[in-house]
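Take a look at the structure below.
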Amino acid sequence: MQILHHIAVCLYGFAIRLVSPFNSKARTWIHGRKNQFPKIAATAKQGNPAIFHCASLGEYEQAVPLIKEYHTAHPDTPIWVSFFSPSGFENAKLLPCITFKFYLPLDTTGNAKKLLKAVRPVVFVFVKYDIWPNLISILSKENIPFHLVAAHFKAKQIYFKPWGGYYRQTLRRFNSIGVQFKENLKLIDKIYEKPYHMGDTRFEQVLSTANTKWEDEYIAEFSKNSFTIIFGSCWEPELEILSNFVKNNPNHSFKFIIAPHRVDPEFIKYIQQKLGNVINIHSKQSDWESNLLLIDSIGILKYAYRYADFAFVGGGFRNKVHNILEPLAYGIPVATGPKHSDYPEVKSANHQGVHFEISNATEFSSLTSKKEELKQLKPFCTDWIIDNTGGAVKAMSRIAVLK
């Protein structure tokens with residue numbers, strides 16, 4: 001299996017290079033990794049760092065509360081973050097305590113040795129999914145402590161398949177494994193001795209974001225004195241529901257903010273065609289022309305939720321639900337599509353009564369008729385978020401003890 005892993009990694013790297021002339025993300029992925037080892041070695045001379053590895057932006061957001069805790073406990077230790085994808089590397093808003101960011105090279109034994117020759121971290125923390133067997137093997141041989149935090153395991157993953165022995169052995173090497181959800185303990189307990197339930201650090205992060213001072217006069221003016229619904233990180237199915245609602249209810253009194261997951265020109269054009277060209281564009285800051293506002297940039301949505309009364313979060317028609325915790329932290333109940341079986345937080349929020357499942361335009365229309373009931377859910381949303389905080393402190397206690 002180790003040989004197959006090596007072949008798969010090499011094939012992945014080859015495929016990225018093959019498509020890079022035609023794909024901007026692939027080009028960025030390759031360019032970002034060019035000649036970075038000398039930079040890593042030069043920066044490492046300033047002191048051995050703690051490295052937090054995040055596959056992309058979502059994992060970085062989960063790491064932020066833990067990074068803050070680590071910096072508080074070890075203020076003199078440099079903190080680095082590594083990324084796998086350009087979306088994380090380019091869009092992550094780095095904390096002041098983070099002194100360096102870099103792309104983690106492909107998981108080959110040669111790359112792992114080269115990396116640890118350039119820098120010797122005091123601790124290496126992997127966040128959620130992105131587990132690198134060859135790097136972990138070298139970390140273990142070099143006696144460098146490494147931990148897995150905010151892990152989320154599923155029965156369909158290779159660790160739990162008969163042929164997954166190589167990857168199970170990789171998990172057993174970790175100094176500690178903290179899982180997001182208690183249900184995960186039953187899975188991982190068969191493989192790893194004494195995993196612990198740390199919770200989801202995103203609860204701390206979204207609460208911190210909600211308490212951050214942020215204003216946008218354009219959005220505030222748009223949503224003023226109206227029941228405002230945000231379609232956050234939405235895709236085609238959610239936009240289809242909104243389109244049907246707008247067409248069938250021309251005299252409605254709602255304001256809609258659309259913040260799509262994709263903001264490239266092609267998708268923005270699709271949205272305008274779907275909802276009609278009479279739509280306010282956030283970047284243009286033009287005079288109001290309709291009750292639809294399109295946010296056409298990344299990084300605003302998690303703050304813009306504060307101007308809404310209800311949120312429809314995208315991804316629930318493809319079982320890839322985006323962040324429902326962000327709106328809930330503002331006291332805003334949420335809805336998603338019906339496919340969310342891989343997301344325990346959605347199940348928990350639904351049980352709490354602050355999440356609703358919507359399958360079609362009729363169900364959406366029915367839910368919008370209950371404005372007053374939705375407003376009354378505000379304290380239940382925030383209480384649920386607060387009750388689930390504390391994951392960073394739990395993880396930090398393990399990393400500090402086992403470091």
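What order do you get for Trp29, Trp163, Trp214 when you list them from fewest to most C-beta neighbours inside 10 Å?
Starting with the residue having the fewest Cβ neighbours, the order is Trp163, Trp214, Trp29.
Return the sequence-ordered ³J(HN,Hα) values of segment 48-55 in whole Hz as given by the Karplus equation 6.51 cos²θ - 1.76 cosθ + 1.60 applied to θ = phi - 60°, using x for Gly and Pro.
With coefficients 6.51, -1.76 and 1.60, one gets 5, x, 8, 10, 10, 9, 10, 4 Hz.
Which of the trypsin sites (Lys or Arg not before Pro) across segment 293-331 are loop residues per DSSP, with 14 or fewer other Cβ within 10 Å?
Arg318
Once each part is reduced to its C-alpha centroid, what is the distance from segment 209-244 to segment 354-372 in angstrom?
A separation of 16 Å, based on Cα centres.
How far, in nm, would the chain grow between Lys370 and Asp264 when pulled straight, counting 0.36 nm per residue and subtracting the alpha carbon separation?
Length gained, Lys370 through Asp264: 34.7 nm.
Sequence neighbours fewer than 8 away in the same chain don't count; with that in mind, list the lysines whose C-alpha is under 21 Å from Lys34.
Lys25, Lys45, Lys101, Lys113, Lys114, Lys117
What's the angle, to the nearest 10 degrees (0 to 90), between helix 57-73's Cα axis and the longest principal axis of the chain?
60 degrees
Could you give the length gained by full extension between Ser226 and Asn350, i.e. 0.36 nm per residue of separation minus their alpha carbon distance, to one decimal place?
The Ser226-Asn350 span can extend by a further 42.1 nm.
What is the packing order of peptides 71-78, 148-155, taking the mean over residues of other C-beta atoms within 10 Å and listing the highest first?
Going from most to least packed, we get 148-155, 71-78.
Using 0.36 nm times the number of residues separating His197 and Ala73, minus their current alpha carbon distance, what extension gain do you get?
Gain on stretching His197 to Ala73: 42.5 nm.
Would you mind getting me the FRET efficiency between Asn23 and Ser341? Use the beta-carbon distance for r and R0 = 25 Å, nearest 0.05.
0.20
Can you tell me the 0 to 90 degree angle between the C-alpha axis of helix 265-275 and the longest principal axis of the chain, rounded to 10?
30 degrees
Relative to the first principal axis of the alpha-carbon coordinates of the chain, what is the inclination of helix 378-387, with its axis defined by its Cα atoms, in degrees from 0 to 90 and to the nearest 10?
Roughly 10 degrees between the two axes.
What nm value, rounded to one decimal, do you get for the distance between Ile3 and Thr212 when each label is placed 7 Å out toward the C-beta?
Rounded to a tenth, the inter-label distance reads 4.9 nm.
From the backbone phi of segment 171-180, what are the Karplus-calculated ³J(HN,Hα) couplings (6.51 cos²θ - 1.76 cosθ + 1.60, θ = phi - 60°) in whole Hz, Gly and Pro given as x?
Result, rounded to whole Hz: 4, 5, 6, 4, 5, 7, 10, x, 9, 6.
Once the dipole of the chain is set up with Lys and Arg at +1 and Asp and Glu at -1 on Cβ about the Cα centre, which of Ile258, Tyr307, Val123 lies farthest towards its positive end?
Looking along the dipole axis, the top candidate is Val123.
Going through the cross-link list Lys154/Lys190; Lys39/Lys128; Lys224/Lys269, which pairs have a Cα-Cα distance over 22 Å in this structure?
Flagged as over cut-off: Lys39/Lys128; Lys224/Lys269.
Hey, what's the Cα Rg ratio for segment 209-387 versus the globular rule of thumb, 2.2 N^0.38 Å?
The reported ratio for this selection is 0.95.
How far is the Cα center of segment 62-115 from the Cα center of segment 1-27, in Å?
Each part's Cα centre sits 23 Å from the other's.
Students often get this wrong, so check it: of Lys347/Lys370; Lys255/Lys370; Lys68/Lys378; Lys320/Lys347, which have C-alpha atoms separated by over 18 Å?
The answer is Lys347/Lys370; Lys68/Lys378.
Which residues' amide hydrogens lie under 5 Å from the amide hydrogen of Asn319, considering only partners 5 or more residues apart or on another chain, with H built in the peptide plane?
Excluding prolines and chain starts, which carry no amide H, the hits are Lys339.
Do me a favour and compute the ellipsoid semi-axes for segment 204-308 from its Cα gyration tensor, root of five times each eigenvalue, largest one first, whole Å.
22, 16, 14
Just name one of Asn244, Pro344, Ile324: the one whose Cα is farthest towards the positive end of the charge dipole of segment 209-387 (beta-carbon charges, Lys/Arg +1, Asp/Glu -1).
Working it through, the farthest residue towards the positive pole turns out to be Asn244.
Values in this text are rule-based calculations from the coordinates and carry no lab data. The structure presented is a predicted model; accordingly, all values stated were derived computationally and were not measured. As a convention, Cβ positions derive from the backbone with ideal geometry for all residues, glycine included, and neighbour counts pool all protein chains shown.
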